[in-house]
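In what follows, a single structure is set out as structure tokens and then discussed.
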Amino acid sequence: MRKKATTKKSKALVKAKKAKTAIMIKTTKVAKKIKAVSRVKMIKRIRKTTKSLFTLGNLNSIHARILVLILLIIFMATFVLASQLKSLSDPAESDAYNQPPQIKKQSPLEKEITEMTEGYPIAKMMPYILKKDPKTAMFLVAIAKKESAWGKRKPVLDGQDCFNYWGFRLKAEKMGSGGHTCFDSPKEAVETVAQRIDQLVEEEDIDTPSDMIVWKCGYGCQDQPKSLSEKKWINDVDFYYSAMNEYL
């Protein structure tokens, strides 16, 4: 009888132990399931937050662009303000920034030529003429005075100025009235004529209006007795050439 009661008690303990084990297993499964669900929710929440950061929340594309533009304006304004504050804090830098551009001072010769030709058509060529060698520049001015009254008498093509104020004749695609070369611009005119004068001065040692008579009548009259018109040409050119030569 006693043995039977012990067996019954052992079975009850085993049954209780199994029930406890089953409950623990079930609890563990539920806990794992809850943990998995929580993890999925957390991942979804992180993705949603990340997406919001890159799409600026619920803003549509137009509002987002406006916001970005405003931020850029604020950034640029801040940068400019910081630069200005920096320059104000550095007196040397501020003074250098506020200084007017340096203007090249004219030489006495350049000043004389500029004043001499002021108001004449040739005045527009001064920026190019004054860059040349002083002797070449003086011949350009003196010859132009004799040949065209500094551009008041000039060859034309189809009613347009040929920019040839020196009586220059060289066969070209465009030829103006009187058989004179026609140039497309004042700069081209000065460059072409100055190149020829440079050649005469440097290669043939022509450095006086008397020698420069070849400009009017060619090499054939250089060493021959001069006609009245040739003498007048020399005297007129020499008058202005000598006046400028005093400023060298």
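Residues checked against (1) over 17 Å from I122 (Cβ atoms); (2) assigned to a loop (DSSP other than H, G, I, E, B); (3) free of Cβ contacts under 8 Å to residues at least 24 places away in the same chain:
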{"position": "F168", "(1), (2), (3)": "no, yes, no"}
{"position": "E173", "(1), (2), (3)": "yes, yes, yes"}
{"position": "E188", "(1), (2), (3)": "no, no, no"}
{"position": "A194", "(1), (2), (3)": "no, no, no"}
{"position": "V201", "(1), (2), (3)": "yes, no, no"}
{"position": "P209", "(1), (2), (3)": "yes, yes, no"}
{"position": "Q224", "(1), (2), (3)": "yes, yes, yes"}
{"position": "E230", "(1), (2), (3)": "yes, no, yes"}
{"position": "W233", "(1), (2), (3)": "yes, no, no"}
Note to self: Being touching a helix residue (DSSP H, G or I) at 6+ places or on another chain (Cβ under 7 Å) and buried (at least 22 other Cβ atoms within 10 Å of the Cβ) is the requirement here; does V156 meet it?
What the structure shows: no
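Yes or no, residue by residue, for (1) touching a residue at least 24 places away in the same chain (Cβ under 8 Å); (2) surrounded by fewer than 20 Cβ atoms within 10 Å (Cβ to Cβ); (3) hydroxyl-bearing (S, T, Y); (4) not in a loop (DSSP other than H, G, I, E, B):
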{"position": "G119", "(1), (2), (3), (4)": "no, yes, no, no"}
{"position": "P127", "(1), (2), (3), (4)": "no, yes, no, yes"}
{"position": "K131", "(1), (2), (3), (4)": "no, yes, no, no"}
{"position": "V141", "(1), (2), (3), (4)": "yes, no, no, yes"}
{"position": "G151", "(1), (2), (3), (4)": "yes, no, no, no"}
Next item on the list: State which residue is nearest to Q199 (Cα to Cα) when the search covers only region 153-166 and only residues that are charged (D, E, K, R) and touching a residue at least 24 places away in the same chain (Cβ under 8 Å).
Entry: K154
Next item on the list: Being closer than 30 Å to A137 by Cα, modelled with pLDDT of 60 or more and surrounded by fewer than 10 Cβ atoms within 10 Å (Cβ to Cβ) is the filter; apply it to region 74-114 and report the residue that is farthest from the chain's Cα centre (by Cα).
Entry: K105
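The values are calculated or read from the model by the stated rules, or taken from the named source; none is laboratory data. Just so we're clear, the structure is a prediction, and the values are computed from it rather than from any experiment. Counting neighbours? That spans all protein chains shown, and the Cβs are built from the backbone with ideal geometry, glycine included.
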